[in-house]
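The values are calculated or read from the model by the stated rules, or taken from the named source; none is laboratory data. Bear in mind that the values here come from a model prediction, so they are computed numbers and not experimental data. As a convention, Cβ positions derive from the backbone with ideal geometry for all residues, glycine included, and neighbour counts pool all protein chains shown.
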């Protein structure tokens, strides 16, 4: 069992076929923490409105989170754009899970980090919802292709590799968008007079310093299967759990 002071996970997208609920359950069973942040898009309300899909593993994820609360973990849920319905219940608690629009986290070494899903910094989501939903559908198609692509790789004995993430990061406009997004969210952290910001939304795990502000993105559980963790001394790290998608195939478990 791995123990950390804090764990951040986001973009699980429960209610979709591309959700890696099994890998997340495995991660939650093998990691404990004092604080656990659910940084948005935990449940995909957009997709569930169109087509109801809910596996037993999705129930198991919810039950596992509730068990962590009962065992003493402080769990905070910060809704994203796909589960924005939960924003109406800000400052309320459900099964001990507290809903917050944003949250200020203080690390063990005294740094203040603003925790937010991050969709408010995405101009497409904020100003053109129909275009965002169209893009979400195209992304789901890419992730579905990615699923079958990796089943083929598994039969050949190769480790998991995200084709959808590769394509996204190779498209010039997507790369430009990610760079602009990171700068915008770091600027917001500066205005909030904090040391850094933790977010999700763009499905790209990363740790970097942008003009003196620490930018932390915990990634997702659709493509990369990553989480952000804080050690007892305040050190931050990204854990890559995608190697557990294909049991028995070794892969480096962490990135700093």
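Evaluate the following for residue 16: is it crowded, with 18+ Cβ neighbours inside 10 Å and at pLDDT below 95? So that I can check it myself, show each step before the final result.
Working: crowded, with 18+ Cβ neighbours inside 10 Å: yes; at pLDDT below 95: yes.
In short, yes.
Looking only at region 33-53, which residues are touching a helix residue (DSSP H, G or I) at 6+ places or on another chain (Cβ under 8 Å), surrounded by fewer than 22 Cβ atoms within 10 Å (Cβ to Cβ) and over 14 Å from residue 83 (Cα atoms)?
Residue satisfying the conditions is 53 alone.
Say whether the condition of being in a strand (DSSP E or B), without any contact (Cβ under 8 Å) to a residue 24 or more places away in the chain, surrounded by fewer than 20 Cβ atoms within 10 Å (Cβ to Cβ) and in contact with a helix residue (DSSP H, G or I) (Cβ under 7 Å, 6 or more places away or on another chain) is met by at least one residue in region 81-95.
Residues of region 81-95 that are in a strand (DSSP E or B), as a first pass: 93-94.
Checking the rest, the ones that are also without any contact (Cβ under 8 Å) to a residue 24 or more places away in the chain come to 93-94.
Add one more test, that the residue is surrounded by fewer than 20 Cβ atoms within 10 Å (Cβ to Cβ), and what stays is 93-94.
Applying the additional criterion that residues be in contact with a helix residue (DSSP H, G or I) (Cβ under 7 Å, 6 or more places away or on another chain) yields none.
No - not one qualifying residue is present in region 81-95.
Filter region 1-12 down to residues that are more than 23 Å from residue 93 (Cβ to Cβ) and assigned to a loop (DSSP other than H, G, I, E, B), then give me how many there are.
Summing the residues that are more than 23 Å from residue 93 (Cβ to Cβ) and assigned to a loop (DSSP other than H, G, I, E, B) in region 1-12 gives 1.
Given the condition over 21 Å from residue 102 (Cα atoms) and at pLDDT 95 or above, answer yes or no: does some residue in region 31-42 qualify?
Restricting attention to region 31-42, the residues satisfying the condition of being over 21 Å from residue 102 (Cα atoms) are 31-32.
If we keep only those that are at pLDDT 95 or above too, we end up with 31-32.
Yes, the conditions are met somewhere in region 31-42.
Within region 181-233, can you find the residues that are surrounded by fewer than 17 Cβ atoms within 10 Å (Cβ to Cβ), touching a strand residue (DSSP E or B) at 6+ places or on another chain (Cβ under 7 Å) and part of a helix (DSSP H, G or I)?
Answer for region 181-233, where residues must be surrounded by fewer than 17 Cβ atoms within 10 Å (Cβ to Cβ), touching a strand residue (DSSP E or B) at 6+ places or on another chain (Cβ under 7 Å) and part of a helix (DSSP H, G or I): 183, 190.
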